[in-house]
1. How about the range B:1-57: which of its residues are farther than 29 Å from B:Val145 by Cα, of a type in the set (Ser, Thr, Tyr) and open to solvent by less than 40 Å² (accessible area, probe 1.4 Å)?
2. Only one residue in B:Tyr446, B:Tyr472 is under 30 Å from B:Gly69 (Cβ atoms) and among the aromatic types (Phe, Trp, Tyr), so which one is that?
3. Can you name every residue in the range B:393-434 that is of a type in the set (Lys, Arg) and either in contact with a strand residue (DSSP E or B) (Cβ under 9 Å, 6 or more places away or on another chain) or more than 19 Å from B:Arg355 (Cβ to Cβ) (or both)?
4. Of the residues B:Ile350, B:Ile359, B:Ile344, B:Ile331, which is within 14 Å of another protein chain (Cβ to nearest Cβ) and buried (at least 21 other Cβ atoms within 10 Å of the Cβ)?
5. If I ask for residues that are touching a residue at least 24 places away in the same chain (Cβ under 8 Å), open to solvent by 50 Å² or more (accessible area, probe 1.4 Å) and not charged (D, E, K, R), which ones from the range A:78-106 would you list?
6. With the requirement that a residue be touching a residue at least 60 places away in the same chain (Cβ under 8 Å) and within 29 Å of A:Leu12 (Cα to Cα), what does the range B:176-203 give you?
7. Could you name every one of the helices (runs of 4 or more DSSP H) located completely within the range B:353-471 that has at least 1 residues being modelled with pLDDT of 90 or more?
8. Name the residues in the range B:454-493 that are of a type in the set (Gly, Ala, Ser) and open to solvent by 20 Å² or more (accessible area, probe 1.4 Å), would you?
Amino acid sequence: MEILMAVIIGVLFTSAVYLMLSKSLLRIIIGTGLLSHGAHLLILTMGGLKKGSVPILGEHAKHYVDPIPQALILTAIVISFGVTSFFLVLAYRAYQELGTDNMDQMRGTEGND
Amino acid sequence: MINLLILPIIIPLFTAILLIFLTKYIVLQRWISGLSMIGTISASIILIQTVHTDGIQTLNLGSWPAPFGITLVSDMLSALLVATSSIIAFCCLIYSFRSIGEGREKFYYYSVFQFLLVGINGAFTTGDIFNLFVFFEVMLMSSYVLMVIGGTKIQLRESIKYILVNVISSALFVITVAYLYSVIGSLNMADISRKITEINQPGIVTVIAILFLIVFGLKGAIFPLYFWLPGSYYAPPAPIMALFGALLTKVGVYSILRTYTLFFYHDTGYTHQILMVLAILTILAGIIGAIAYEDIKKIIIYNIIIAVGIITFGISVMTEESLTGSVFYLIHDMLLKAAMFLLIGIIIAITGTSRLSNISGMIKRYPLLGWMFFLASLSLAGIPPFSGFVGKLLLVKSGFAAGHYIGAAVVLMSSLFVLYSVMKIFINGFWGVPKEFPNEGKVPVYMLLAPAGLLIAIGITYGIGAEFVHSYISQAAEVLKNPALYIDAVLKE
């Protein structure tokens, strides 16, 4: 199970990097979304994927799942949703204002000329 | 007062929430945010005194004992930094009253400002590595808003890049924390430190140390990772720029300082060597930028990078003297860099340009501004008896004593170049034939000079009263050098 998860995380990261290297702003945002999903899965996997009962130290539970990684990804997911939504709104506004979503045309020259 | 150390986080938080409902009433917003800031400053100063007399303060949230729950820890370093950043935020706030403009004030500027302070003070205070991430995010989220508020073209364009860089570094931060958790099995910083000592820092922990260096280096702008900073910090208006330049990068530097002295101090040969090389390269890169540009904003922005290099050099030497120097220089730089940004904000407001070639002869009409800029420049460059001198002296001395001659020489040299770069602004901008400035008379110069003057006055007192300050700073450095003090205070053993 851990190996499968590792492969999935790797695929997520590669797709994220591929998307973030493209010029279109929307693709970049989707890339950041995938990146944070990969990171969240990584936390879950790092906590250990034991098959067992609910994370309560009962008297008879031999295996229990570590609850901390779940708490951590819950926080991280909320944060990444917030950032992604902010990013989307910003991209829309920037598209309206600058008239482009191509990162090549957003290159700054202030202070250099 | 057992809850004292949470006050610098809670007061801005509640103020921020309150201000969301009051966006239409600008004057009321100003009063509330100013008063709450005074409250925050007083709480943080009381906190410094408490830490000074009673030792490290801890607070277990929800009364869960230390390694299990979330702990807030205030040692001398974090108390000092909380106080410094609150004071700087207060000055930037007063500065914004007269300069930020009604449009921004109506769109949650003061509220977001307070949230930024929550993030910064929280990051300095927390004793839990995941909570550090959360406070980083609070801080970053508010900094995104502050960077884009107003919505000019350059702001929109630069904040996209800023957000992208920070999203990637945040993902990396989460990944690093996950690795650390899988190896160590704990999130409490004191507990992590103790467990790393037990397993004697194997190779995997060194890998994690380097990952942390990348993460915090991105936020703190060390050598190869500072690329986003000159562009992003260029965009927002002066008080926001002052906040960012003085506080945001320093949070990254503080995190390097904390993790490298608390977690990864067993095998310093590899990690601290890399940190030292990067610190020296950071100073050099900053120098090149600072003397190359003809734009006053860019010159000061590159001065941030030099300062980050100098502070991280002190961390990499890892003797008690060098850590004292680092802490001393860190606080000095926060104060003076903020003052510098506020001053050049006034210059830009008067002249309407940041190109040095379009400015000259300002001292004829604004003598006070000129002399304050001169004082700040001298202090920034580390001319005795100003505050930059003491920190730099400690750093150079400890560098030579530990046999790191190149690094110490570069730190010494950097003063010269910092002096050159800021004097370039002074000579070209303030001397010469006075020009006609477009906004002359429209800018409330004296109102804007007051907060900058306050910061410079604090900075100079800090330098001249170095003897008095030193007892506090050395207490901070003592904890950094002996992590056992920190661990014992948190885990109550």
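1. Matches in the range B:1-57: B:Thr50 only.
2. B:Tyr472
3. Keep residues of the range B:393-434 that are of a type in the set (Lys, Arg), which gives B:397, B:424.
Scanning the range B:393-434 gives a single hit, B:Lys397.
4. B:Ile344
5. The answer is A:Leu88, A:Tyr95.
6. Correct list: B:Ser186 only.
7. Helices (runs of 4 or more DSSP H) meeting the threshold: B:367-381, B:387-401, B:405-425, B:445-464.
8. Narrowing the range B:454-493 to residues of a type in the set (Gly, Ala, Ser): B:457, B:459, B:463, B:465-466, B:471, B:474, B:476-477, B:484, B:489.
B:Ala457, B:Gly465, B:Ser471, B:Ser474, B:Ala484, B:Ala489, listed by residue number.
The values are calculated or read from the model by the stated rules, or taken from the named source; none is laboratory data. Please read all numbers here as calculations on a predicted model, not as lab measurements. Every residue, glycine as well, gets a Cβ built from its backbone with ideal geometry; the counts of neighbours run over all protein chains shown. With ligands, DNA and RNA removed, areas are computed over all heavy atoms of the protein, side chains included. Shrake-Rupley method; radii C 1.70, N 1.55, O 1.52, S 1.80 Å.
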